[in-house]
Amino acid sequence: MRYGRTMSPVIDPPVPAAFDTPEVAALRRRSIILLSTAQILSGLAAGSVVSVGSLMAVKLAGSDAWAGSVTTASTLGAALSSLALARLAASRGRRISLVTGLALASIGATSIIISAVVSNFLLLLVGGALMGVGSAANLQARFAATDLSTPHTRARDLALVVWMSTAGAVTGPNLIRLGAPMSRLTGLPELGAVFVFPVAGMFAAMLVMWFGLRPDPLFVGRSIIGNELGQARKHVPISVAFTTLRRHPTALAALSGILVAHAVMVAIMSMTPVHMAGHGTSISIVGLTVSLHIAGMYALSPVMGILADRLGAPVVLVGGLGVIVLSTVLTSMSGGSTMIVTAGLILLGLGWSASTVAGSSIVAATVTGVERVAVQGLSDSLMSLAGAGGGAVAGLLLAAAGYSGLSMAGGVLAVVGVGAFWLLSRMQTPAHAT
């Protein structure tokens, strides 16, 4: 049993001794290396959607009002596909599920290239939605890293896979610089040519998963635990996933923290470029600020995992929400200061990292029955929907109250998230912790 300093305990279920054998430990390390490699290769896509997709949308639609449409389509694609990929993982394993998600995402990136060639806005949105399926696969990969984990390594293993997204996610927004040379090489439109890199990355990630992720870590974990997971149904209805969360208040509390952190992060991040551009900041500085924010999200995730394993995941989750509150204080007071906005965005990324890593580790630790993968899929789906909702509301708040008002609203929501986590955690009983 692990305790937070002031929070309720997180009770880990018994773990068979087989998880601590050298053979399983070696397979766990191998699986994490493979998942991490795939994250690096496929991570280029997310950054490209945010930075280049918005420019393509404005160009094809002919209006700045559609700037966020590709990101929204990608987020909704991730939300709608997370449960489907979870069901596929439950029946066919992580390997098939992850490869399927990456394959659909590569088709999406190809569709975006074609949309640039034929100047078709609808095809651009379809491509963005399919690339969102790849984002859902990348989210699932962090849970796949815990399939063979022990309670002492779970948060660290999860965080390592999240961390490996850093290279691709930070590089993605800067690929626009390679659009011109790739355009000259291929004859494609400059913005569309940028997506040649995500297509290549996701195809390479598919190969890594298809040939490398054998044996499947989810199936190995099931065989170790025995009949409880070995008899898992192929299709667990979404209603069962919701019921399972109600039976596990600790997991529900962790999920509430994840959703609040993600909604606030997306809301403020998506409106920061607009705010900075309004104060005359150059596009290159805006891109640098977004890259530093993304680095804050991923670069220290292993540290967050180690802290969650040592101090307790509840402490790290609440601490992450506290850092988000601090970040919103800075951004609300930033005015036209690029330095203050950048500092606030870096802290926003760090707070998101702590809350997401710790919260996800709690979900993975708490729900271990036949509904485990379904609950993980529901968590990812709700996380994407929270991001979509945060992005949509952010635009309205920015128009009504300005960037300062948006930031203050985000800070208030983060404080509410701390309260919700505390209240739901207090509902935990030993009977619910199994």
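The values are calculated or read from the model by the stated rules, or taken from the named source; none is laboratory data. Just so it is clear, the structure is predicted and the values come from calculations on it, not from any experiment. Methodologically, a virtual Cβ is constructed for each residue, glycine included, from the backbone with ideal geometry; neighbour enumeration extends over all protein chains shown.
If you go through the stretch 62-74 one residue at a time, do you hit one that is in a loop (DSSP other than H, G, I, E, B), over 23 Å from the mean Cα position of the chain (by Cα) and over 18 Å from residue 130 (Cα atoms)? Yes, the stretch 62-74 has at least one match. Scanning the stretch 176-199 for residues that are surrounded by fewer than 22 Cβ atoms within 10 Å (Cβ to Cβ) and within 21 Å of the chain's Cα centre (by Cα) returns 197, 199. Please work out if residue 55 is assigned to a helix (DSSP H, G or I), under 22 Å from residue 196 (Cα atoms), modelled with pLDDT of 85 or more and over 22 Å from the mean Cα position of the chain (by Cα). So residue 55 fails the test.
The helices (runs of 4 or more DSSP H) found entirely in the stretch 94-207 that carry 1 or more residues being among the acidic types (Asp, Glu) are 154-163, 190-193. Only residues that are touching a helix residue (DSSP H, G or I) at 6+ places or on another chain (Cβ under 6 Å), of a type outside the set (Gly, Ala, Ser) and at pLDDT 80 or above were counted in the stretch 201-246, giving 13.
Applying the selection to the stretch 151-183, what residues are more than 19 Å from residue 356 (Cα to Cα) and modelled with pLDDT under 85? Let's see the steps before the verdict.
Taking the stretch 151-183 first, the residues more than 19 Å from residue 356 (Cα to Cα) are 171-183.
Result: 171, 172, 173, 174, 175, 176, 177, 178, 179, 180.
Here the stretch 252-293 is the region considered, the condition is being among the polar types (S, T, N, Q), assigned to a helix (DSSP H, G or I) and touching a residue at least 12 places away in the same chain (Cβ under 8 Å), and the residue that is farthest from residue 165 (Cα to Cα) is 256.
Looking only at the stretch 399-412, decide whether some residue is closer than 16 Å to residue 247 by Cβ and polar (S, T, N, Q). The answer is no; no qualifying residue exists.
Look at residue 341 and say whether it is aliphatic (A, V, I, L, M) and either under 30 Å from residue 223 (Cα atoms) or assigned by TED's automatic domain parsing to the domain that holds residue 82 (or both). For residue 341, the condition - aliphatic (A, V, I, L, M) and either under 30 Å from residue 223 (Cα atoms) or assigned by TED's automatic domain parsing to the domain that holds residue 82 (or both) - is not met. Applying the set (1) within 22 Å of the chain's Cα centre (by Cα); (2) surrounded by fewer than 23 Cβ atoms within 10 Å (Cβ to Cβ); (3) modelled with pLDDT under 65; (4) not polar (S, T, N, Q) to residue 96 leaves exactly one unmet item: (3).
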